[in-house]
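The values are calculated or read from the model by the stated rules, or taken from the named source; none is laboratory data. Quick caveat, the model's predicted, so the values are computed rather than measured. Here Cβ is always computed from backbone atoms with ideal geometry, including for glycine, and neighbour counts include all displayed protein chains. Just so you know, the surface numbers come from the protein's heavy atoms only, side chains and all, with ligands and any DNA or RNA stripped out. Shrake-Rupley method; radii C 1.70, N 1.55, O 1.52, S 1.80 Å.
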Amino acid sequence: MKRKILTFVSCVIATAAIAQQKADILVSYDVRAKNWATDTVASSRMSLLANSQEAKYFNDLSLWSDSLSSTPEGKKQLQQIIMAACMTQTPGGGVTIDLRKGPVKNIHTYVFSNLADNQLKYYGKFGEDQCYYEEPLDEMSWEICDSTATILGYECVAAHTDYHGRRWTAWFTPEIPVSFGPWKFHGLPGLILKAEADPGFEYIATGIEKTDRTMTPMYSSDTYQKVKRKKALSDHEYFLNNREAIIRAKHNNVKFEYNYTDRPKYNPAVYAIEPDYADKSGK
């Protein structure tokens, strides 16, 4: 399978410019990061569709949910699916709804990268707002090292980058000539299969397969407001530190799974994947 993927990717590079909306590979990643609300290491599963010029990074459940929600009929169908999974009738004839039981979107991250435009677009949720921002790809530069590792049977080479407040180490494989990876990672001469940074941030590939899936544009992109990255991250920190008060001011009778008021203030040096927004030195 490994050699088939390599041969397939090599063959399609020559024709990638003709159909950039088609992916050549689909990569699955396990993601680990510290969760401020629970003070534990949280895990999630993400996917990458990529060819030689473009990439789309997303969560499969979120993509399915957003696809359905993009039309009135689909939105109604999604609500019915969630209610059927989450709604329970009590012995007294009442009804309880536990959204943890259903296919509810809770990962809002999408990253679209395009080499021809030298740009990536990040879509996400900051506080209670859906926003997106753009940044040039050349903000990430690498130093390739001598260290090697084997991941999913591929020989990988290590590289380092200082990016938005963290020192990252990544492992890429020249055997797959696609210069993308999980999250925003890009710019190395091969597919990035692993990336990690202290304290406890990790992306690790768990599967690679060839594909001809279309890298669909962002669903309902007109509902996202364009923002500046650092301002959005700063606003999100304020929301986390004042979450209960903000939500209760807008919604009555809200119950929280965690008692956020008992948590210490959000520390971007520990929990933020890009803590540079909190640097007041102007660096």
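Out of everything in region 31-56 that is over 23 Å from Pro268 (Cα atoms) and part of a strand (DSSP E or B), what residue ends up being most open to solvent (accessible area, probe 1.4 Å)? Give the steps one after another, and end with the answer.
Of region 31-56, the ones over 23 Å from Pro268 (Cα atoms) are 47-56.
Filter again for part of a strand (DSSP E or B), leaving 47-50, 54-56.
Numbers: Ser47: 4, Leu48: 2, Leu49: 2, Ala50: 0, Glu54: 43, Ala55: 8, Lys56: 4 Å².
Ranking the candidates gives Glu54 first.
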- Tyr266 meets each of (1) in a loop (DSSP other than H, G, I, E, B); (2) farther than 20 Å from Val41 by Cβ; (3) modelled with pLDDT of 90 or more; (4) among the hydroxyl-bearing types (Ser, Thr, Tyr) with one exception, condition (2)
- Query: Of the numbered conditions (1) touching a helix residue (DSSP H, G or I) at 6+ places or on another chain (Cβ under 8 Å); (2) open to solvent by less than 40 Å² (accessible area, probe 1.4 Å); (3) in a strand (DSSP E or B), Cys145 satisfies every one except a single condition; which is it?
  - Reply: (1)
- Filter region 155-200 for residues that are open to solvent by 10 Å² or more (accessible area, probe 1.4 Å) and among the aromatic types (Phe, Trp, Tyr); the one that is farthest from Asp276 (Cα to Cα) is Trp171
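Could you say whether any residue in region 216-224 is open to solvent by 30 Å² or more (accessible area, probe 1.4 Å), assigned to a strand (DSSP E or B) and within 19 Å of Tyr122 (Cα to Cα)? Can you show your working first?
Narrowing region 216-224 to residues open to solvent by 30 Å² or more (accessible area, probe 1.4 Å): 216-217, 219-223.
The next check asks that each one be assigned to a strand (DSSP E or B); those that pass are none.
No, every residue in region 216-224 fails to be open to solvent by 30 Å² or more (accessible area, probe 1.4 Å), assigned to a strand (DSSP E or B) and within 19 Å of Tyr122 (Cα to Cα).
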- Number of the exception - Asn106 against (1) under 27 Å from Ser234 (Cβ atoms); (2) outside any strand (DSSP E or B); (3) open to solvent by less than 60 Å² (accessible area, probe 1.4 Å); (4) touching a helix residue (DSSP H, G or I) at 6+ places or on another chain (Cβ under 9 Å): (3)
- Item | Given (1) in a strand (DSSP E or B); (2) open to solvent by 70 Å² or more (accessible area, probe 1.4 Å), number of the condition Asp138 does not satisfy | (1)
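Could you tell me how many of the residues in region 185-215 are touching a helix residue (DSSP H, G or I) at 6+ places or on another chain (Cβ under 8 Å) and of a type outside the set (Gly, Ala, Ser)? Show your work before the answer.
If we filter region 185-215 for residues that are touching a helix residue (DSSP H, G or I) at 6+ places or on another chain (Cβ under 8 Å), which is where we start, we get 186-187, 199, 208-210.
Next, from what is left, pick out any that are of a type outside the set (Gly, Ala, Ser): 186, 199, 208-210.
Residues that pass the stated criteria total 5.
Looking at this structure, is Lys194 in a strand (DSSP E or B), under 16 Å from the mean Cα position of the chain (by Cα) and among the basic types (Lys, Arg)?
On the way: in a strand (DSSP E or B): yes; under 16 Å from the mean Cα position of the chain (by Cα): yes; among the basic types (Lys, Arg): yes.
Criteria met by Lys194.
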- Item | Positions within region 61-97 being assigned to a loop (DSSP other than H, G, I, E, B) and touching a strand residue (DSSP E or B) at 6+ places or on another chain (Cβ under 7 Å), in sequence order | Thr90
- Kindly indicate which of Thr90, Thr109, Thr96, Thr40 is of a type in the set (Val, Ile, Thr) and in contact (Cβ under 8 Å) with a residue 12 or more places away in the chain. Thr109
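Identify, please: which residue in region 12-30 is among the small types (Gly, Ala, Ser) and surrounded by 15 or more Cβ atoms within 10 Å (Cβ to Cβ) and is, among those, modelled with the lowest pLDDT? Step through it out loud before you land on a result.
Initially, region 12-30 is screened for residues among the small types (Gly, Ala, Ser), giving 14, 16-17, 19, 23, 28.
Those still in the list that are surrounded by 15 or more Cβ atoms within 10 Å (Cβ to Cβ) too: 16, 23, 28.
Values: Ala16: 41, Ala23: 97, Ser28: 98.
Here the residue is Ala16.
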